Amino acid sequence: MKNIKTYIDTAMGRKNGDFILKGGSIIDVFTGEIFTSDIIVQNGVICGVGNYSGSNEVDVSGKYVMPGFVDTHTHIESSMCTPSEYAKAVMPHGVTTVIADPHEIANVCGIDGLDYMRIASENIPLDVKLMLPSCVPATPFEHSGAAITAHETQTAIKDFHGIGEMMNYPGIISCDSEALGKLCGDIIDGHAPLLSGNELNAYISAGVKTDHECSIVNEMNEKIRKGMYILLREGTLSLDIAKLIKGVTPHTLRRCAFCTDDRFVGEIIREGSIDHCIRKAVSYGINTVDAIIMATLNACEIYGLKNKGAIAPSYAADIVIADDLSLNKISKVYKDGILVCENGQALFTVEKTDNSTVTDTVHLPTITADFFNQDLSDSITAIELIPQSIITKKVTARKTDNLSKVCVIERHKKLGTKGIAYVTNYNITKGAIASSIGHDSHNIIVIGDNNSDMALAVNALGKSGGITVCSDGKIIASMRLDIAGLMSTKSAEEITAEHDALYNAAKALNINENIDAFLSLAFLPLPVIPEIRITDSGLFDVTTFKFI
């Protein structure tokens, strides 16, 4: 009651607020209007929007004031940063809340990985709502480092905001008891690319309410008609806003939000996060205020974040102040009434989290060139990469075509399993690239045009994991990822510089410039994305859910 009285007295002007934002142009996400007013804040809460004066006034006249942005679906691990460094990267871009699925580290380290992410996210100003991964392992068609059962899910859900993306839609549709046993949260995220008709009906009937895997407007519209929320994704590899923006109409707007899913920290620093999504949507014709509504109020309502997502009395003082509506210059970011970023710089520091339970996670024998030997027939079932997409095509190729050899190697328990396949459109020459990032079980994946460089690249990963680029028997660039073989312990700026060096090294290998050299590789083992994948158990047809 004490706080309520304080808020009322502050709203009435009988009590000074902690600070007053004076004269800003407020984005009203309820009415779509922009109007000039003051905002008074007390104890991290907006108490009033009107005419106020006090001892601590911040002049924001001529600037635009809006709620903090929400990323509705992200894997922090894909940034290659720890949660604290991730916060330092995204918050200057106006992101104050993320719905984060620690699915990647859970597939490597299990409960230890979840505990690390939870502890590492506790003492940072970024509001991290962790979802409990539903698919560890993602499928039974590969070997992961851990497994989280339905029973463990039901026990652990109390510590999480909801259930992370349910990728095992075949298990849901067929009423697999283990899959159904994991649907225990009030909020259940979906992952159902191209699912339609009665199968989609069945999937939604299980309680799944969101989807971030739409690739065409017809798919988006059907899912909205059936009550789903659509998270328009703009990551590093999956660029879906341009494909889906025509599906955002005055009628469907309130069923849509933005997410980044998998976005490298260097792109966050250079281009932005949800602010980048807003700019992209506006460039394709969406009204700026509508895009901001998608990034704020819609996102909060989808995920049950009460009193968040608006500039209004009783709402959390998560506030973004921008010089103009392009959002190219965000001058201030407040989180719960505390100034956390100014002029593109984070104003906070965070102590490092103990990571001893999530390091040294790569366990491989020494790999020789002979490990990759394979006899080829004249006609080969191959994987065709598609630019700016994680979807692949199943094609028939000849061994004389410009094929790249790819191999996935189990790295968690020295099982000795491997899968070898061939890829079109990658075009690597005189070298190899190896990585411990291979969604979602994160086994080692290596691609090259000769066995010797492939072996060298894999062995160079060591126990920590990371990424290596080799050519003509030499390591020409490398990046160490100590935490689960997914994240670096270095700063966001250092990670970006190392990653830039990897890309420069990859250019020398003549990789198709329309294909992301590293992310396309990282998604090749993911056996829940159409049409064809390679896992440590072999070449896999996603459309039939059978090995080739």
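The values are calculated or read from the model by the stated rules, or taken from the named source; none is laboratory data. Just so we're clear, the structure is a prediction, and the values are computed from it rather than from any experiment. All accessible areas refer to the heavy atoms of the entire protein, side chains included, with ligands and DNA or RNA removed. Shrake-Rupley method; radii C 1.70, N 1.55, O 1.52, S 1.80 Å.
Taking every DSSP beta bridge that has both residues in the range 79-217, what percent is antiparallel when rounded to the nearest 5?
0 percent
How big is the range 398-467 along each principal axis, measuring the range of its Cα positions in Å and listing the largest first?
The principal-axis extents, from largest down, are 36, 19, 18 Å.
Checking the cross-link filter: which aspartates and glutamates have an alpha carbon closer than 18 Å to that of K490, excluding same-chain neighbours under 8 positions apart?
Of all the aspartates and glutamates, those that pass the test against K490 - Cα under 18 Å, at least 8 places apart if same chain - are E77, E85, E267, E351, D354, D360, D482, E498, D500.
Dividing the alpha-carbon radius of gyration of the range 93-237 by 2.2 N^0.38 Å (N being the number of residues), what value is obtained?
Scaled against compact globular proteins, the figure is 1.05.
Using Cα centres only, tell me the gap between the range 330-347 and the range 39-61 in whole Å.
Cα centroid of the range 330-347 versus Cα centroid of the range 39-61: 16 Å apart.
Enumerate the amide H contacts of V136 below 5 Å, restricted to partners 5 or more residues apart or on another chain; note that Pro and chain-start residues carry no placed amide H.
Sorted by chain and number, the residues that satisfy this are I148.
Kindly provide the helix-only [θ] at 222 nm of the chain, computed as the sum of -39,500 (n - 2.57) over DSSP H runs of four or more divided by all residues, to the nearest 500 deg cm²/dmol?
-6000 deg cm²/dmol
Accessible area per residue for the chain in Å², computed with a 1.4 Å probe and the full protein assembly in place, what is it?
38 Å²
Principal axis lengths of the range 7-109 from Cα atoms, whole Å, largest first?
55, 27, 22
Can you give the percent of C-alpha pairs in the range 70-159 whose distance is more than 17 Å?
More than 17 Å apart: 46 percent of the Cα pairs in the range 70-159.
Stokes-Einstein diffusion coefficient for the range 444-489 at 25 °C in a medium of 0.890 mPa s, Rh from the Kirkwood formula over Cα pairs: what value in µm²/s?
Roughly 230 µm²/s, to the nearest whole number.
Using a cut-off of 24 Å between alpha-carbon atoms, which lysines can reach K507, once sequence neighbours fewer than 8 places away in the same chain are excluded?
K405, K430, K474
Counting DSSP beta bridges in the chain, what percent are antiparallel, to the nearest 5?
70 percent
Using a 1.4 Å probe on the protein heavy atoms, what percent of the accessible area of the chain belongs to carbon and sulfur?
Of the solvent-accessible surface of the chain, carbon and sulfur hold 48 percent.
Pull up the cross-link candidates among the lysines for K15, meaning alpha carbon to alpha carbon under 28 Å and not fewer than 8 places away within one chain.
Those lysines meeting the cut-off are K2, K5, K63, K306, K308, K332, K335.
Take every Cα-Cα distance within the range 182-320, group them into 10 Å bins from 0 onward, and report for each bin the whole-number percent of pairs it holds.
Computed distribution, short to long bins: 12, 40, 36, 11, 0.
When N is the residue count of the range 22-171, what does its C-alpha Rg come to as a fraction of 2.2 N^0.38 Å?
So the range 22-171 has a normalised radius of gyration of 1.36.
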